[in-house]
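Student: Sharing a structure, written as structure tokens. Questions coming.
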Amino acid sequence: MEIDLLFKIAGIGIIVAVLHQILSKAGREDQAMMVTLAGVVIVLTVVIKEISSLFSAVRTVFNL
Amino acid sequence: MEIIKIIALGLVATIFIMMLKQYRPEYAIYVSLLAGAGIVLLVMDKLAGIINILSSLSNKANINSGFLGILLKITGIAFLTEFATSICKDSGEIAIANKIELGGKVIIIGMSIPIITALLELIIKILP
């Protein structure tokens, strides 16, 4: 389950980097910024979900 | 066979981080966070089994279960603070890592006060 999460995040990172380059070369700086922000938001939702599951696991194991 | 999954996850994450570092450095932090969480979740159930065995043994040896609970909480807090500080240090934020460590130490000391008081009372009782 974790491996494909890693692939997803790396894929999003590469796509955002490539799109940012293309859009900035094409002179549309604002859209490039939009793409970067969208990438950050998507990746953050995935990462936060994973971190919250980690915290709940630790809480149940160590009964914090 | 569990170890192979852990090694694979760690290596794949390291490769992705090296790749992403040139273009998007912030994604490197996301990938390292995810890899760390994934590896810990992999070993979490084994850890739960070990902790159950320890607590049952301590019940047999009728050690005060309150102290064992506090010890477990302290290890949990220590583990979480170490997890956060290593992520901060990786991304170069040594100051934030030290602040998190300070917070963790203060909380751990705060929780271990009952144990310290019990120890002191025991010592006072023993002394003539």
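The values are calculated or read from the model by the stated rules, or taken from the named source; none is laboratory data. Remember, it's a predicted structure, so these values are computed and weren't measured experimentally. Here Cβ is always computed from backbone atoms with ideal geometry, including for glycine, and neighbour counts include all displayed protein chains. The protein model used for the area step is the full one, side chains on, heavy atoms only, and it has no ligands, DNA or RNA in it. Shrake-Rupley method; radii C 1.70, N 1.55, O 1.52, S 1.80 Å.
Student: Residue by residue through the stretch B:109-128, note down the ones that are in a loop (DSSP other than H, G, I, E, B) and open to solvent by 80 Å² or more (accessible area, probe 1.4 Å).
Tutor: In the first step, residues of the stretch B:109-128 are kept if they are in a loop (DSSP other than H, G, I, E, B); the result is B:112, B:127-128.
Result: B:L127, B:P128.
Student: Return the residues of the stretch A:33-54 that are closer than 20 Å to B:P25 by Cα and either open to solvent by 80 Å² or more (accessible area, probe 1.4 Å) or more than 10 Å from chain B (Cβ to nearest Cβ) (or both); say none if nothing qualifies.
Tutor: Of everything in the stretch A:33-54, those that are closer than 20 Å to B:P25 by Cα and either open to solvent by 80 Å² or more (accessible area, probe 1.4 Å) or more than 10 Å from chain B (Cβ to nearest Cβ) (or both) turn out to be A:M33, A:M34, A:V35, A:L37, A:A38, A:V41, A:I42, A:T45, A:I48.
Student: Something else about it: Looking at the stretch B:46-56, can you tell me whether even one residue there is within 27 Å of A:V43 (Cβ to Cβ) and either in contact with a Gly (Cβ under 7 Å, 6 or more places away or on another chain) or open to solvent by 60 Å² or more (accessible area, probe 1.4 Å) (or both)?
Tutor: No, the stretch B:46-56 contains no residue that is within 27 Å of A:V43 (Cβ to Cβ) and either in contact with a Gly (Cβ under 7 Å, 6 or more places away or on another chain) or open to solvent by 60 Å² or more (accessible area, probe 1.4 Å) (or both).
Student: Follow-up. Kindly indicate the residue of the stretch B:26-37 that is open to solvent by 30 Å² or more (accessible area, probe 1.4 Å) and in contact (Cβ under 8 Å) with a residue 40 or more places away in the chain and also nearest to the other protein chains (Cβ to nearest Cβ) among those meeting that condition.
Tutor: Checking each candidate, the answer is B:L33.
Student: Given the conditions (1) surrounded by 14 or more Cβ atoms within 10 Å (Cβ to Cβ); (2) more than 8 Å from chain B (Cβ to nearest Cβ); (3) acidic (D, E), which single one is not true for A:E2?
Tutor: Single failed check for A:E2: (2).
Student: Something else now. Would you please name the residue that is nearest to the other protein chains (Cβ to nearest Cβ), looking only at residues in the stretch B:80-95 that are within 24 Å of B:A48 (Cα to Cα) and surrounded by fewer than 16 Cβ atoms within 10 Å (Cβ to Cβ)?
Tutor: B:E82
Student: Within the stretch B:96-105, which residues are open to solvent by 90 Å² or more (accessible area, probe 1.4 Å) and aliphatic (A, V, I, L, M)? I'd like the intermediate steps shown before the answer.
Tutor: Just the residues of the stretch B:96-105 that are open to solvent by 90 Å² or more (accessible area, probe 1.4 Å), to begin with: B:99, B:102, B:105.
Residue satisfying the conditions is B:L102 alone.
Student: Regarding A:A17, is this residue surrounded by 13 or more Cβ atoms within 10 Å (Cβ to Cβ), in contact with a Leu (Cβ under 6 Å, 6 or more places away or on another chain) and in a helix (DSSP H, G or I)?
Tutor: no
Student: Hey, another quick one. If you go through the stretch B:9-25 one residue at a time, how many are within 7 Å of chain A (Cβ to nearest Cβ) and open to solvent by less than 70 Å² (accessible area, probe 1.4 Å)?
Tutor: Selection size over the stretch B:9-25: 6.
Student: Condition (residue is farther than 14 Å from B:S32 by Cα, within 10 Å of chain B (Cβ to nearest Cβ) and in a helix (DSSP H, G or I)) applied to the stretch A:22-32: is it met by at least one residue?
Tutor: no
Student: Here's a follow-up. Checking A:A57 against (1) more than 12 Å from chain B (Cβ to nearest Cβ); (2) free of Cβ contacts under 8 Å to residues at least 12 places away in the same chain, which test does it fail?
Tutor: (1)
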